[in-house]
Amino acid sequence: MSATKNVLDIADLRVTFATDAGDMTAVRDVSLSVAPGEVVAIVGESGSGKTVTAKTILGLLPDTAVSRGAVLLGANNVIELSGQKLRAVRGTDVAMVFQEPSTALNPVYTVGWQIAEGLRAHGKYTKKQARAKAIEILGKVGIPDPKSRVDYYPHQFSGGQKQRVVIAMALVLEPGLIVADEPTTALDVTVQAEILDLLRRVRDEFGTAILLITHNMGVVADLADRVVVMYQGDVVEEASAVELFARPQNPYTQKLLASVPRLGSGAARAQARADDRAAPLAEPVVVAKDLVIEYPGRLGLSGFRAVNGVSFSISPGEVLGLVGESGSGKTTIGRAIGGLTKITGGSLEVLGHEMLGIRERTFKPVRSDIGFVFQDPASSFNPLLTIAQAVAEPLVVHKRAGDAAAARKRVDELLEAVQLPKNFGDRFPHELSGGQRQRASLARSLALEPSLLIADEPTSALDVSVQARVLELFAELQKEFGFAALFISHDLAVVDMLADRIAVLYHGELVEEGPGSQVLGAPQHPYTQRLLASLPVPDPAEQAHRREALRVLKAAD
């Protein structure tokens, strides 16, 4: 492929899916190109057609899809290829990095075997040569001790390391183009920063072009050279990253950028709430003193201490933001407050009840005063129940209503409170979008009018514009109902929008706590500083400075 020729050219691509209700057009006359060594980001909400466009490049669309136009990889039009010719293109000309590495990797094979699988499919490599190549590529993507870890299984790697393995699989045959579909969505901000650095190094060292599919505008600002904005199957804007973030032209692009949560956005709200609190705060609804939660060991192994000596409190009507990476103990603390995980040391008082040694029979009546909003509403809803039945379930379980039909009036009020039409109660969870399901999850959590709400990563899987609406709704409901809340997240900008105070966890210990202006404006602990520097912001120039600041912080460790 010559230096002047594009790695990818898409011309007038149109993709239609056959459904029971008739043909549905997912992509309309899309045209774009990617040059060698260039990073092009396709952004847009769920349903905009970005992933369908990406899958067309590798010929991964289902049989119900009909594609028209041209998708040129070198001399090949992928749309016209099938069978053996299509398999020859995958891996050598184009490879894909999928959103969820846990599902992309086969759990019964070692990662070395899975990397070598591509080599065996596309060339005559001996077993020894394929293993050597797998070890080499694992080292290049930053897996420590690749000679021994080449024989590890996927479950023996962390989330960030699994994503590195998937990138290694994509790179092993040195394709001209890598399609990365939401490669950092499920990762903590510090791990996300490492993966973005790796993708940048892949571009620079291998000369690989990258087509990045994402809804995270901070990631786009950090990595992309050019941005293509899609909306309902159409390309509505295309520009360089610097130009797009500085001067977005299309109203949809402007709305998308305006929806991105930014650090410092919660300062005005926090001040307004502080001004409202002229009277002294009542007794806290949650008080933790030197809290210890330890999981017992098995097969002769020692136990694991997930939470170590943590102290904090939550007052009535207050929102405490709990932030930290995966494994820091955030969710464990949330479960302990809800009586779902036993505490092993210290003290945890919830709504006047000491949780150390408490019996389920004693705590069960208290649980009706605690609401939960889970990270993934799709898996937290019973797929066999309608939304109305699911929202009514707490009322029925706690004997506030005889059955779902008797609770329907209250359910309709709750759906209206979370800005969902009443008739959505007759739909099943799969018939709602992600944002609508999360609103229904909020309605269910408020059914018993709790005085304490535990929200565990409630917006992490949502598009930025949907996330913005859900966060606004959460703030409105919190003001209207006056419940106290523990808001768990790894996104500092999201927490800043909602929380009165922020507590930072690191390896089970509370390393910093205070108002958002203090914790985010002048962080004292090195971990908080690193967490802040790792958060990508939707401004390419500022993000370049933050990337350098993060490099300095890492070098100082």
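Any read-out appearing in this document is the output of simple, stated calculations on the displayed coordinates, not a laboratory observation. Keep in mind that what you see is a predicted model, and the values were worked out from it rather than measured. Virtual Cβ from ideal backbone geometry, glycine too; neighbours counted across all protein chains shown.
Ranking Lys128, Lys85, Lys422, Lys55 by Cβ neighbours within 10 Å, fewest first, what do you get?
Values: Lys128 8, Lys85 12, Lys422 15, Lys55 18.
Neighbour counts put them in this order, fewest first: Lys128, Lys85, Lys422, Lys55.
As I understand it, the value is the acute angle between the Cα axis of helix 111-122 and the longest principal axis of the Cα atoms of the chain; what does it come to in degrees, rounded to 10?
It is inclined by approximately 30 degrees.
Which value in nm describes the separation of the simple spin-label points at Glu283 and Ala35, placed 7 Å from the Cα toward the beta carbon?
So the label points at Glu283 and Ala35 sit 6.9 nm apart.
Pop a pseudo-label 7 angstrom from the Cα along the beta-carbon direction at both Gln524 and Asn106 and give the gap in nm to one decimal.
Simple spin-label model gives 5.3 nm for this pair.
Work out how much length Arg201 to Ser326 would gain on full extension: take 0.36 nm times their residue separation and subtract the Cα-Cα distance, in nm to one decimal.
Additional length available on full extension: 42.5 nm.
Dividing the Cα radius of gyration by the Kirkwood radius, what Rg/Rh value follows for the stretch 156-215?
That ratio equals 0.94.
Residue separation times 0.36 nm, minus the C-alpha to C-alpha distance between Thr19 and Ala406: what's the value?
Extending this stretch completely gives an extra 135.7 nm.
From the cross-link list Lys55/Lys554; Lys85/Lys127; Lys289/Lys479; Lys133/Lys330, which pairs have alpha carbons spaced over 30 Å apart? Working shown, then result.
Working: Lys55/Lys554 36 Å; Lys85/Lys127 25 Å; Lys289/Lys479 28 Å; Lys133/Lys330 39 Å.
Beyond 30 Å: Lys55/Lys554; Lys133/Lys330.
What do the square roots of 5 times the Cα gyration tensor eigenvalues come to for the chain, in whole Å, largest first, as semi-axes of the equivalent ellipsoid?
Over the Cα atoms of the chain, the semi-axes work out to 42, 28, 24 Å.
With a Förster radius of 60 Å, plug the Cβ-Cβ distance of Ala475 and Lys124 into 1/(1 + (r/R0)^6) and report the FRET value to the nearest 0.05.
Step by step, r from the Cβ atoms, then E = 0.45.
Please pull out the direction-averaged projected area of the stretch 100-174, using the convex hull of its alpha-carbon atoms, in nm² to one decimal place.
Working: hull surface 17.7 nm².
It is 4.4 nm².
Setting aside same-chain residues fewer than 8 positions from Lys409, which lysines have a Cα under 20 Å from its Cα?
Once the sequence-local lysines are set aside, what remains near Lys409 is Lys399, Lys422.
Using Cβ counts within 10 Å as a stand-in for footprinting exposure, how do His525, His155, His215 rank, fewest first?
His155, His525, His215
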